[in-house]
Structure formats: C-alpha cells, structure tokens
1. Run A:Asp278 past the list (1) within 29 Å of the chain's Cα centre (by Cα); (2) more than 9 Å from chain B (Cβ to nearest Cβ) and report the number of the one that doesn't hold.
2. Considering only residues that are surrounded by 12 or more Cβ atoms within 10 Å (Cβ to Cβ) and more than 20 Å from A:Gly309 (Cβ to Cβ), look in the stretch A:340-353 and name the one that is nearest to the other protein chains (Cβ to nearest Cβ).
3. Considering only the stretch B:66-99, state which residues are β-branched (Val, Ile, Thr), over 30 Å from B:Ser161 (Cα atoms) and either away from every other protein chain (no Cβ under 14 Å) or open to solvent by less than 10 Å² (accessible area, probe 1.4 Å) (or both).
4. Test A:Ala5 against the criterion of being free of Cβ contacts under 8 Å to residues at least 12 places away in the same chain and in contact with an Asp or Glu (Cβ under 8 Å, 6 or more places away or on another chain), and give yes or no.
5. What is the number of the single condition among (1) out of contact with any Phe, Trp or Tyr (no Cβ under 9 Å at 6 or more places or on another chain); (2) within 14 Å of chain A (Cβ to nearest Cβ) that B:Arg59 does not meet?
6. Can you find, within the stretch B:121-148, the residue that is farthest from B:Pro105 (Cα to Cα) among those that are assigned to a loop (DSSP other than H, G, I, E, B) and out of contact with any Lys or Arg (no Cβ under 8 Å at 6 or more places or on another chain)?
7. Only one residue in B:Arg66, B:Arg110, B:Arg59 is in contact with a strand residue (DSSP E or B) (Cβ under 9 Å, 6 or more places away or on another chain) and at pLDDT 95 or above, so which one is that?
8. Of all residues in the stretch A:357-377, which are touching a strand residue (DSSP E or B) at 6+ places or on another chain (Cβ under 7 Å) and at the interface with another protein chain (Cβ under 9 Å from one of its Cβ atoms)?
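The values are calculated or read from the model by the stated rules, or taken from the named source; none is laboratory data. If you're wondering where the values come from, they're calculated on a predicted model, not measured in any experiment. Cβ coordinates were reconstructed from backbone atoms using ideal geometry, including for glycine residues, and neighbour counts include every protein chain displayed. Please note that ligands, DNA and RNA were not included when accessible areas were found on the heavy atoms of the full protein model with its side chains. Shrake-Rupley method; radii C 1.70, N 1.55, O 1.52, S 1.80 Å.
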Protein chains: 2
Amino acid sequence: MDERAYFERLDSTASDPSELFEHFEQRSVGEYTAHVLPSARHGVERGTVILDSADAIVRGYPSIPRVLALDAGVTSFFDSGATVFAEEKLDGFNVRVVDVGDDGPLAFTRGGYICPYTTARVRELLDLGEFFEEYPGKMLCAELIGPETPYTTHDYEEVDSHAIRVFDVRDRESAAPIAVPERRDLCARYDFPQSRLFGRYDRSEATEAVWSAIEELDAEGREGVVMKTADSDSMVKYTTESKHHDELADAFSLPFDLGRDFVFSRITREAFQAAEFDESDERLRERAHDLGESILLPAVDTIRKIESGGTVGERHRVRGGNDEIDALLDHLRDLSLTVEVEEDYRENGQRVVEFLKVAESTTDRTTYYLEGGTYDE
Amino acid sequence: MDERAYFERLDSTASDPSELFEHFEQRSVGEYTAHVLPSARHGVERGTVILDSADAIVRGYPSIPRVLALDAGVTSFFDSGATVFAEEKLDGFNVRVVDVGDDGPLAFTRGGYICPYTTARVRELLDLGEFFEEYPGKMLCAELIGPETPYTTHDYEEVDSHAIRVFDVRDRESAAPIAVPERRDLCARYDFPQSRLFGRYDRSEATEAVWSAIEELDAEGREGVVMKTADSDSMVKYTTESKHHDELADAFSLPFDLGRDFVFSRITREAFQAAEFDESDERLRERAHDLGESILLPAVDTIRKIESGGTVGERHRVRGGNDEIDALLDHLRDLSLTVEVEEDYRENGQRVVEFLKVAESTTDRTTYYLEGGTYDE
C-alpha cells in the first residue's frame, strides 16, 4: 500500500508515515486485506481501517467524552449562546456501515472488524442501495440494539428481537459529520430508524432539559443522552443511574472478567451524579442500596453457580440465515472467545442460536478460591 | 558493604548477590546508612533492611496470605490433624522492634523506614531493655493501634489514645518465628501486651470456631483473625464484613487516592464471604445495602466538601514529646506526603498535634470534574 498517499489522506498529527503506520495491524478479512488501527493514535480514531484493494479509508467513530458534573459540563463544554441538541444514547453495539467494494455494504465494529452478522442485519433492516448510490463517500453510524444480538442484550420496550438506530452520518474518509438537522432529515428521507431527538436547547436551559430527559430515561431503564452542537463537531455524553447499576451488575456477574475494569469508573459516575442531583439523604441512601445490590448480588450468584458446577459467561440469542450465523460464530471464535452453543433450532424460517461466551477468568479464579486458594497482598 | 557475606546470610532464592542486591535501595536514616528492599524479591521479604554499620539484618515481616472461602481455606491450608491457633488480627500499624545499634531499640515500618514516633512509643510502652539483653537477635513484631496514631485511626474500646500489641516474635536475621505457645509465654513474662488468642483448635473444628470469632469481632467493628500452625510457620488470615466496609468507606472518602486500588479486592472478599455465610436473601440484601453505603456516601461527602472549598485527606492526632513529633512530621514529609498541621498544643505535659495528610489526587481530579472537565473513554 502507498503509505505516503494514505498518510496525506488521513491528516493525522504524526510527523511522518512510519510514526503513524507502525500502529496499524494487518488483518485478512475474507477476501480483503485490511490495515486496522486498534487504538486511537496521532489524531486518528480507533478502528480506522484502510482497505487498499478498494482504495478506501473507513475512519473510526470518535470517542465521545463524558461529563461527570452535568451543569458544569454543559457550561464548560458549549459556548455561551450555543444551541445544544440532545439525542438519546442507546445501549447497543456501535457499527459503521459503508459501501466500499463490489460485495455490497459492510458493517465495521468499533475495533475495525467486519461483523458478518451485523452486516446481514443492516442489509436486511436498512434500504442501503439508494443511499450509497447517492452518498458513496458517507458512512452510517448506527447502533444494533435489542435482546437478540451477539454483543449486547439490553431490552427496549419497542424492540422484540433486534433493531438498528442511526445516530450519525459522517464522511467515510475524514469522519466529518453532517449537521444534526440535515442528518435527521436525510435519515427520514431514507426511512432509516433514528435515535430519539429530545430537543434543541439554548445552553442556558440545556442542563434542566437534559436532566429531565435523564430522569425519564432512567425510569425506563435506558442509557443516557449525547449532547451535540448543531454541526455535530462537539459531542459529550451523560448517563442514567440505571445504566451505571446495570453495567455494574453485568460486570460483577463476571467479576474476574469484567468487574475490575468497570467498577471504579461507574462508581465515580454515580458519586458525581448523586452529589449533583440527590437532594435528600433518603434518595442518596436509596441509590447507595441499589448500587450495593448491583455489585454484590450478581457476584454472589455467580460464585454459587460455579460452586454447584455451572458455567458462567455472557448468554446471547441471535437469529438469521444459516450461513451468516456460521460466519458469526467463526468470527467470535477468531476473536479468541470461547463460545458454547446451547441451542440451535429453526423458527419461522430462520435459524436461532443461543450461545454462551464463556467467562474463563471468572470460572478459573472463582474455582481456585472456592477450593481454598489463597492470595498474598 | 560485603554483598557476598550478606547474600549468604539472607539465604534467598537468587543465584548470585547482584541478582538480589540490584533491588535494594540505599537510604540515609539519621546517622545510619540502610540498604532496604522495597518489595519482596527472591524469597526475601519486603522491608528487609541491612544496617552495615551495625553488621545487622532486619528481616521484613512476611506477607500473610488470605483465604476468601473460609472452610475450604482451612482444609486446604492446614494438614489434616494439625492444630490451628487463632489470634486476633488488629487494625493498626505493623512495626518490627529491634535493638541493633548503640542508640536503643528502633521501630521499623513495613516499608523498612525507622519511624521516630513509633520508636518513641514502643520505648515508652514496652519494657524493652531486659528483653533485648536476653534476646538480642530477636525482633518483636507489633501493631500500633488506637485513634491517636500517625497512620491509622481505628477505634478500639480498650484504647483511649494508642497502644501496642505484640503478635509475633521472630529471629531478626532469618525471620524464623517462635512457636505460638512459647511466644505467648515469653510476652507474658515481659508484660508485653499481646493480640488476643481465641484458642487452639483441631483442623476439623477450626472453621466453626473461627467463624464464631469473626462474628464476635464483626459485631465490635474489629478486623479479623490470623490462623497459625503451632510453630507459626504457616499463617493465613480472614477478615470481617465491618472491616471490608470500613476500608471501602475510607477509600471512597478519597476516591482518586485510594478508591481505585481498594475497591475490587474488598468487594471480592465480601462476595465470597456472603456466598459462604449469608444464609438468607434478607441477610445478603442487608450486606449489599451496607456495602453500597460504604462506597457511595463517603464519596458524595467528599465531592460536596471539595465543592464548598474544603480540603480533604487523612486526619490524624498524635501526642508525645516535642522532638519526636517534629521528627515524625519531618519523616512524613520525607515520604513526599503533604502534611498540614491543623492544631498544635500542649495537654498534660505532652505536645498534641492534629494534622491532615492532604489527598492531592482526590482534590485535583474532583475539582477538575466539578468544573465540567471531561474524560474520554
């Protein structure tokens, strides 16, 4: 590949091509050779992919900063007089949908892999042909949500199995976004389901409006809000109490796989939110009790499950065509996951597979401690 | 210093002197030059000190392994038919008291520093002269406990200000312990206050006895139990729910200084203890609520305190002679702590100083987030 040419196109902060490209990994993805950046470097986003055979760059989705103090965050993050757009942040799986080769649209994961299952889903759920004909240089940034996905299982009242929500449309090569109002119109025109827009607010009224959205989302067990300037260049997120507790519960159901990495940041979010919004001692204590339950109960459940010989991990159900499900299971195993298929049957003309991503560390370490294993401190 | 000779005496698992001594640091401690091992290496304990001028080795106190599952731990750790001694583990500051130079007994901290304040306390509280005349090669392993110490502040009903409890007597150079019954007799002979002995048990009855001790200690807000073989060669510890929650509360009162390192291990201890001993859902839920309160309430308190302009950190009160308190404050500042003296007065012929070890990370990061600072994830 012509590193110099891609270097110019990527417009990074690196001083020469080798400084940037030493961080790329080469991967074979089906018939493609992809050069992938596994973590953000020199101003280039994590998951950025170069597909040399198609002469294409698929830029990673930028990491969205988070505020811990909502009111102070709104004030420091947005200019005085700015309009703040508040859209729902969904609890699903973030993909970028692009059309670069001869094989039709592809869904890239955050890490820069092509997910065969999500690719099949977006082709089925979105009318992509016309869109990419008109906008070949764009990427749709979308969330795969619902209880039946290979990655997340969060329930949404309006989603039985799985669904797609588009939350951003960007230039595939530069990652430059389309402004919020134009993007929402564009998606409406192509009938792409979108993440919910709560409204557009003057900065001075944004905290109150966003907090009210957060309270509503929290009551429904939903994740949170992304605030954006009209041009979508600046984005910042803020999440609900129920999201924090859900994440802790998931993490502590697999403490030695997820608990350690998750716990501190989620507690920090909770503490700042409580300090800002929990007005009574009673409300604060209630939050503390829910927090404690989110942490302890799933961990104790898991220990007891392992003690009685059970296997623990993340359980998923997916449905689709025969080949795409095989491709998904291969894809997950290629990522070094231990996948145990628990059910595999047909329903309404589709193949349905229930599988467990086995949590090896939790199983091994819990077993070791349950057998009286010690550790030094 | 003659590395070869000390290498032989230290009896490590290193293959040659340089492999071991490259890990030692040289420190000037008053008139002494000390060679100190800051972390355990090659079978030599953390805090091991060589005082070349006195031709003396002061061996570090060994790290005591912990079991997470009490019954399984007792069974796997002790041989069938072994007698298990259960002594109280105190929540204080671990020192080794030795007599190596011409200046009288010295108290070494776990990290291998001479603490001037603890040195003064052990000289005042223990009758060391006769002991070291008879046992010059021994070290007393003791805990400085009580609400008035420069390191810990845990309240014990029986301690007004501070006290010393001897829990081990070892060979200063080899760290070989004196067997439990002999050690307790020896300490009694010299009137050294000791940590409590709960009893000696057959392995088969140890779990029940230790759990009953843990329940009693927990009700009194005390730390836990160390189980030992008669010869004291094998030791293992187990701690109370109240200790776990106290540590979390302390850690989350200074989340960015202590929270991150403490949280996961303490939650893990809680989860295994709950899985083993919390028989009803109600009991488990109560523990979860206490856990949540331990984490969230102090963190919210601290955020609000910083928001209203307060300074946070660990507050201590010490009392003693003028010079030893000056030496203590110098010692703490030498350890790179930011110490703010808040009160300094005389009471009953002693100097009393209240000071704050300022928690810089918590203050800085909390302020940053309260001003709307963001972080990427």
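1. Failed condition: (2).
2. Restricting to residues being surrounded by 12 or more Cβ atoms within 10 Å (Cβ to Cβ) and more than 20 Å from A:Gly309 (Cβ to Cβ), the top hit is A:Val353.
3. Listed by number, the residues that qualify are B:Val67, B:Val74, B:Thr83, B:Val84.
4. no
5. Looking at each condition in turn, B:Arg59 falls short on (2).
6. Restricting to residues being assigned to a loop (DSSP other than H, G, I, E, B) and out of contact with any Lys or Arg (no Cβ under 8 Å at 6 or more places or on another chain), the top hit is B:Gly146.
7. B:Arg59
8. Those that are touching a strand residue (DSSP E or B) at 6+ places or on another chain (Cβ under 7 Å) and at the interface with another protein chain (Cβ under 9 Å from one of its Cβ atoms): A:Gly372, A:Thr374, A:Tyr375, A:Glu377.
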